[in-house]
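Visitor: Got a structure for you, questions after.
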Protein chains: 4
Amino acid sequence: MSEFDLPRRLAAEALGTALLVATVVGSGIMAETLTKDVALALLGNTLPTGAILVVLITILGPISGAHFNPAVSLVFALRRELTPREALFYVAAQIAGGIAGTMLAHAMFALPLLDASLKMRTGGAQWLAEAVAAFGLVATILAGIRFNRAAVPWLVGLYITAAYWFTASTSFANPAVAIARSLTNTFSGIRPTDLPGFIAAETCGAIIALILMSWLLRESDKARAVLKEARP
Amino acid sequence: MSEFDLPRRLAAEALGTALLVATVVGSGIMAETLTKDVALALLGNTLPTGAILVVLITILGPISGAHFNPAVSLVFALRRELTPREALFYVAAQIAGGIAGTMLAHAMFALPLLDASLKMRTGGAQWLAEAVAAFGLVATILAGIRFNRAAVPWLVGLYITAAYWFTASTSFANPAVAIARSLTNTFSGIRPTDLPGFIAAETCGAIIALILMSWLLRESDKARAVLKEARP
Amino acid sequence: MSEFDLPRRLAAEALGTALLVATVVGSGIMAETLTKDVALALLGNTLPTGAILVVLITILGPISGAHFNPAVSLVFALRRELTPREALFYVAAQIAGGIAGTMLAHAMFALPLLDASLKMRTGGAQWLAEAVAAFGLVATILAGIRFNRAAVPWLVGLYITAAYWFTASTSFANPAVAIARSLTNTFSGIRPTDLPGFIAAETCGAIIALILMSWLLRESDKARAVLKEARP
Amino acid sequence: MSEFDLPRRLAAEALGTALLVATVVGSGIMAETLTKDVALALLGNTLPTGAILVVLITILGPISGAHFNPAVSLVFALRRELTPREALFYVAAQIAGGIAGTMLAHAMFALPLLDASLKMRTGGAQWLAEAVAAFGLVATILAGIRFNRAAVPWLVGLYITAAYWFTASTSFANPAVAIARSLTNTFSGIRPTDLPGFIAAETCGAIIALILMSWLLRESDKARAVLKEARP
């Protein structure tokens with residue numbers, strides 16, 4: 001479908017996830033270094049993340065689709081827009097890119113390249129928050145593609161801007177990013193032992209969104225009949 | 001008019017209002033938890049609300065029109081773009097969705113699901129502010145639809161971003177959201193007893209906007225004559 | 001040129017200037033009420049102003065051109081896109097609308113409707129800042145119209161967002177808004193005695209921009225020749 | 001290629017770089033004057049810079065390409081879209097404009113026109129940060145031009161908004177701006193002796209981006225074959 005061969009699509013997924021994670025982790029380090037007000041630190045974490053998402057999805061989307069997120073690749077595999085083999089390669093590229101992003105952020109801030117997080121993020125409320133975060137992200141992507149494909153980079157950037165604040169977990173919503181963030185003991189970190197709960201919750205939220213949006217976005221019988229006549 | 005059947009339109013109204021309220025209430029809880037500076041808390045409440053409005057109106061607008069607001073549905077009913085029956089169903093879906101949104105936000109932050117607000121918001125200045133807030137919202141929507149329909153999600157998101165700060169009431173501008181916010185005793189709450197004043201003021205503001213914009217946006221006689229000739 | 005008659009164009013100028021001033025003054029009151037940090041207050045003043053400009057220019061621009069600013073109307077009069085008579089009516093509508101905006105903001109915040117400002121804003125550096133602010137605004141509008149008319153609301157909103165911070169005067173850049181702001185003794189006020197200096201500086205900046213951009217944007221001889229041949 | 005002659009293209013480069021630097025330096029002065037919280041000051045520096053970039057690239061891009069940056073002009077010279085002579089003139093205009101921008105900001109804030117910075121910015125981590133900043137900027141520009149040219153002003157503005165926070169150096173990413181910022185002893189300054197390291201790092205980052213994106217964006221053989229057939 002893409003005019004780009006698989007190696008370049010995987011490079012785009014790895015590069016995009018790396019820059020996304022470098023932004024999340026790097027801006028978190030910058031923010032907590034500069035202020036003691038945690039709301040201000042979260043703002044200094046939110047705006048760069050939302051902004052870079054618009055950029056990365058616009059410039060890499062035409063190459064790989066700009067998933068940067070195993071939950072999103074899973075949804076596209078379930079929709080048969082990605083083969084299982086492609087999806088596996090995508091996920092591997094995303095995880096590798098994400099970890100490289102953490103290392104890059106640490107190197108720029110003169111920190112040890114990898115450092116397991118001690119920040120506890122667990123419990124039912126946090127898991128619900130992650131499920132909601134991933135639900136909203138996938139719903140935004142699927143309806144955005146249906147109704148206004150050109151706006152998708154903006155929609156995702158704005159959605160994550162909101163979700164950083166309205167979900168109690170600050171909206172990871174992305175298993176590859178969660179893994180990469182388990183390797184930084186800074187503002188945006190998560191304990192490695194808390195990863196399974198987050199990843200499971202994100203996957204559930206994504207699948208629920210796929211099911212709900214399949215119903216909500218389905219062409220109606222009437223519309224299909226009209227379209228059928230219109231198509232020769 | 002919409003290719004979508006009524007059940008899905010109502011689902012879109014309920015889902016959109018739920019996510020809107022979850023954002024307003026959730027980001028308010030996040031903000032007041034993280035900082036003691038109320039201006040910063042309001043900023044942490046404003047940006048997510050403006051951002052999610054752009055997203056929700058873009059992705060759900062093609063299904064239901066993305067009112068999420070009984071005052072807006074009333075305006076469209078008065079313009080005969082919604083039957084009275086549809087409008088009633090819309091309002092019911094908005095109120096139900098809004099309350100679900102409060103419950104969702106509370107669940108994510110591990111709070112009791114519903115908790116009546118104690119925050120007093122009443123008096124002539126507050127009611128004027130709400131009337132202005134709803135006036136501006138409806139004027140934005142009606143003129144936006146007339147001149148640049150594709151921009152409406154952005155216009156509404158930006159308008160509310162401004163109105164959170166320039167109206168003394170932080171711009172509820174929405175009876176369904178006001179009801180939902182009466183059930184949270186957090187940053188964004190409003191005492192249930194203060195609801196009637198807010199809802200009456202919002203309705204007045206919306207109707208004044210409808211009247212004023214009907215005059216301001218009316219095609220001139222000359223333009224109508226030109227268009228009449230142009231149309232066979 | 002506009003399909004709208006003069007009364008409605010003047011109503012659009014008055015309404016737009018009123019809502020613009022209500023936003024500037026109202027968000028200033030809100031901000032200084034909520035925080036002691038002046039940078040945060042300026043941020044709470046900047047974001048609503050930038051946001052409402054995008055909205056107001058989009059929804060009222062097709063009616064009146066959305067000047068909301070005597071310096072801008074002067075520029076269009078000098079470019080002969082507005083007759084002197086129209087320009088005078090525009091300026092009167094802008095000043096009247098601006099004063100109404102201050103009164104509206106005060107009423108919403110339960111303050112006396114009008115209250116002369118005591119905030120000193122004078123001296124060569126401030127005047128330079130106002131000249132630069134108006135220069136940039138007019139340059140943005142003229143080049144925006146030439147190259148990307150649909151983007152002008154965004155360009156003006158973003159320009160003012162920047163100019164609030166990079167000019168030492170926080171960028172009034174607008175004689176009608178300056179007059180309206182002389183009548184509020186709050187965050188955004190200016191002493192009435194400081195008005196002449198501001199208005200003179202803004203007018204100078206606007207005219208310099210008109211001259212410079214006339215040269216910079218002029219079609220080259222070659223381009224004109226090509227266009228001449230292309231036009232029958 | 002441009003319909004504009006070289007003098008006007010150079011004027012656009014000088015004017016744009018001057019206003020960009022005036023924004024960076026001026027908003028830095030405003031911010032550090034108004035608050036003691038450094039994160040808030042950085043936010044007050046970030047938002048104006050991102051906003052003015054969108055404006056300047058939109059209004060001056062059609063004249064000169066809106067590089068405002070010797071590293072970007074170098075990349076376009078290497079791509080043979082600028083002759084070496086044009087590139088040299090561009091760089092001279094950018095440096096002269098940048099210095100004028102610092103002087104303008106100082107004059108508006110009633111400071112001595114030029115004042116060498118004492119702020120140390122050096123060492124391997126800072127240089128890595130600058131290389132990453134310039135890499136991301138050039139990658140954004142090249143892919144943006146390829147896939148969505150109209151969005152480039154937004155992409156650059158958003159990229160720099162993010163890079164101010166995720167790079168440890170707050171993302172100068174521009175040798176002409178760095179030179180201009182060495183002449184202000186305020187928030188955004190850099191010691192003149194630290195310039196060579198920054199400029200070298202930025203140049204390296206830009207060239208690496210050119211190489212990587214040339215591979216990533218290359219039309220595939222298949223696509224080229226299809227296009228070849230399509231073109232007569």
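None of the figures in this text is laboratory data; all of them are computed from the coordinates on show. Remember, it's a predicted structure, so these values are computed and weren't measured experimentally. Cβ sites come from the backbone with ideal geometry, for glycine too, and all protein chains shown count toward neighbours.
Visitor: At a threshold of 8 angstrom on Cα-Cα distance, excluding pairs fewer than six apart, so keeping six or more, what relative contact order does the range C:151-219 reach in percent?
Guide: Values: 31 pairs, mean separation 13.1, N = 69.
The value is 19 percent.
Visitor: Using a ≥ b ≥ c from the Cα gyration tensor of the protein assembly as shown (square roots of the eigenvalues), is it rounded, prolate or oblate, where a/c under 1.5 gives rounded and otherwise the larger of a/b and b/c decides, a/b for prolate?
Guide: On the way: a/c = 1.24, a/b = 1.00, b/c = 1.24.
It is rounded, given that a/c, with a ≥ b ≥ c, falls under 1.5.
Visitor: Which residue fluctuates most in the GNM of chain C (Cα springs below 10 Å): C:R79, C:R149, C:R218?
Guide: Judging by the Gaussian network model, the answer is C:R218.
Visitor: Let me ask something else. Using θ = phi - 60° and the Karplus form 6.51 cos²θ - 1.76 cosθ + 1.60, what ³J(HN,Hα) does each residue of the range B:108-120 get, whole Hz, x for Gly and Pro?
Guide: 5, 9, 6, 10, x, 4, 9, 7, 4, 6, 10, 7, 6
Visitor: Quick one: label points 7 angstrom along Cα→Cβ at D:E81, distances to the other copies in nm, smallest first?
Guide: 2.9, 2.9, 4.1
Visitor: A further question follows. Lys/Arg Cβ at +1, Asp/Glu Cβ at -1, dipole of the range C:1-127 taken about the Cα centre: which of C:L60, C:T35, C:A71 is farthest positive-ward?
Guide: Of C:L60, C:T35, C:A71, it is C:A71.
Visitor: What whole number of Å gives the distance from the Cα centroid of the range C:21-100 to the Cα centroid of the range B:98-173?
Guide: Going from one Cα centre to the other spans 22 Å.
Visitor: For the range A:135-188, what does the alpha-carbon gyration tensor say about shape, rounded, prolate or oblate, given a ≥ b ≥ c as the root eigenvalues, a/c under 1.5 as rounded, and a/b over b/c as prolate?
Guide: Values: a/c = 2.67, a/b = 2.12, b/c = 1.26.
Because a/c hits 1.5 or more and a/b exceeds b/c, the range A:135-188 counts as prolate.
Visitor: What are the ³J(HN,Hα) couplings of the range A:165-173, residue after residue, when phi is run through the Karplus curve with 6.51, -1.76, 1.60 and θ = phi - 60°? Round to Hz, x for glycine and proline.
Guide: Per residue, the Karplus-derived 3J(HN,Hα) values read 9, 8, 9, 5, 9, 6, 6, 5, 6 Hz.
Visitor: If you average the sequence gap of Cα pairs under 8 Å that are 6 or more apart and divide by the length of the range D:88-205, what percent do you get for the contact order?
Guide: Details: 157 pairs, mean separation 47.2, N = 118.
Relative contact order of the range D:88-205: 40 percent.
Visitor: Note down the relative contact order for chain A as a percent, whole number, built from C-alpha pairs under 8 angstrom at least six residues apart.
Guide: Working: 362 pairs, mean separation 62.9, N = 232.
It comes to 27 percent, rounded to a whole number.
Visitor: In chain B, if every C-alpha pair distance is counted and binned at 5 Å from zero, what percent goes to each bin?
Guide: 1, 7, 14, 19, 21, 16, 10, 6, 3, 2, 1, 1, 0, 0
Visitor: Name the residue, out of B:G197, B:G136, B:G26, whose mean-square fluctuation peaks in a Gaussian network model built on chain B with Cα pairs under 10 Å.
Guide: B:G197
Visitor: How shielded is B:150-159 by partner chains, expressed as the average number of their Cβ atoms within 10 Å of its Cβ atoms?
Guide: 6
Visitor: Using the Cβ atoms and a cut-off under 12 Å, what net charge is assigned to the surroundings of C:V138, where Lys and Arg are +1 and Asp and Glu are -1? Intermediate results must be reported in sequence, preceding the final value.
Guide: On the way: positive: C:R79; negative: C:E202.
Once all neighbours under 12 Å are counted, the net charge is 0.
Visitor: OK, next. Please give the peptides A:39-48, C:48-57, D:107-116 ranked by average Cβ packing (other Cβ atoms within 10 Å per residue), highest first, as a rough proxy for protection. Spell out each step's value before the answer.
Guide: Details: A:39-48: 25.0, C:48-57: 27.3, D:107-116: 16.4.
So the order, starting with the most tightly packed, is C:48-57, A:39-48, D:107-116.
Visitor: State, to one decimal in nm and shortest first, how far the label point of B:R149 sits from each corresponding label point in the other identical copies (label point: 7 angstrom along Cα-to-Cβ).
Guide: When each copy's label point is compared with this one, the spacings are 2.1, 2.1, 2.9 nm.
Visitor: In addition: Please list 3J(HN,Hα) in residue order for the range C:3-20, calculated via the Karplus relation 6.51 cos²θ - 1.76 cosθ + 1.60 where θ = phi - 60°; whole Hz, with x for glycine and proline.
Guide: Rounded to whole hertz, the list is 6, 9, 6, 4, x, 6, 5, 5, 4, 5, 5, 5, 4, x, 5, 4, 5, 4.
Visitor: Under 1.5 on a/c is rounded, so check that first for the range C:100-206, then, if it is not, pick prolate when a/b is larger than b/c and oblate when it is not; a ≥ b ≥ c are the square roots of the alpha carbon gyration tensor eigenvalues. Walk me through the numbers before you get to the answer.
Guide: Values: a/c = 2.48, a/b = 1.46, b/c = 1.69.
Oblate.
Visitor: What is the mean number of Cβ atoms from other protein chains located within 10 Å of the Cβ atom of each residue in peptide C:137-149, rounded to a whole number?
Guide: Numbers: counts 0, 0, 6, 6, 1, 1, 9, 3, 1, 3, 6, 6, 0.
That works out to 3 on average.
Visitor: Between D:A200 and A:V38, what is the FRET efficiency for a Förster distance of 45 Å, r being their Cβ-Cβ separation, to the nearest 0.05? Can you show the working numbers first?
Guide: On the way: r = 37 Å, r/R0 = 0.83.
Here the calculated transfer efficiency is 0.75.
Visitor: Could you check which residue among B:G205, B:G98, B:G65 shows the biggest mean-square fluctuation in a GNM of chain B with a 10 Å Cα cutoff?
Guide: Per the Cα network of chain B with a 10 Å cutoff, B:G65 tops the list.
Visitor: Among the listed pairs A:K119/B:K119; B:K119/C:K36; C:K119/D:K36; A:K36/B:K119; A:K119/B:K36, which are separated by more than 30 Å between their Cα atoms? The partial results should precede the final answer.
Guide: Values: A:K119/B:K119 34 Å; B:K119/C:K36 23 Å; C:K119/D:K36 23 Å; A:K36/B:K119 28 Å; A:K119/B:K36 23 Å.
Violating the 30 Å Cα-Cα cut-off are A:K119/B:K119.
Visitor: As a check on your grasp of the helix formula, calculate [θ] at 222 nm for chain A: sum -39500 (n - 2.57) over DSSP H runs of n ≥ 4, divide by the residue count, round to the nearest 500. All intermediate terms of the calculation are to be shown ahead of the outcome.
Guide: On the way: 9 runs with 169 residues, N = 232.
About -25000 deg cm²/dmol.
Visitor: Each label point is 7 Å from the Cα along the Cα-to-Cβ direction; what then is the distance between the points at A:M120 and A:W215, in nm?
Guide: A separation of 3.8 nm, rounded to one decimal place.
Visitor: Can you find, among D:T203, D:T186, D:A150, the residue farthest towards the positive end of the dipole of chain D? Put +1 on the C-beta of Lys and Arg, -1 on that of Asp and Glu.
Guide: Farthest along the dipole direction, towards plus: D:A150.
Visitor: For the pair B:N185 and C:E3, how long in nm is the line joining their label points, each one 7 Å along Cα→Cβ?
Guide: The answer from the label model is 5.5 nm.
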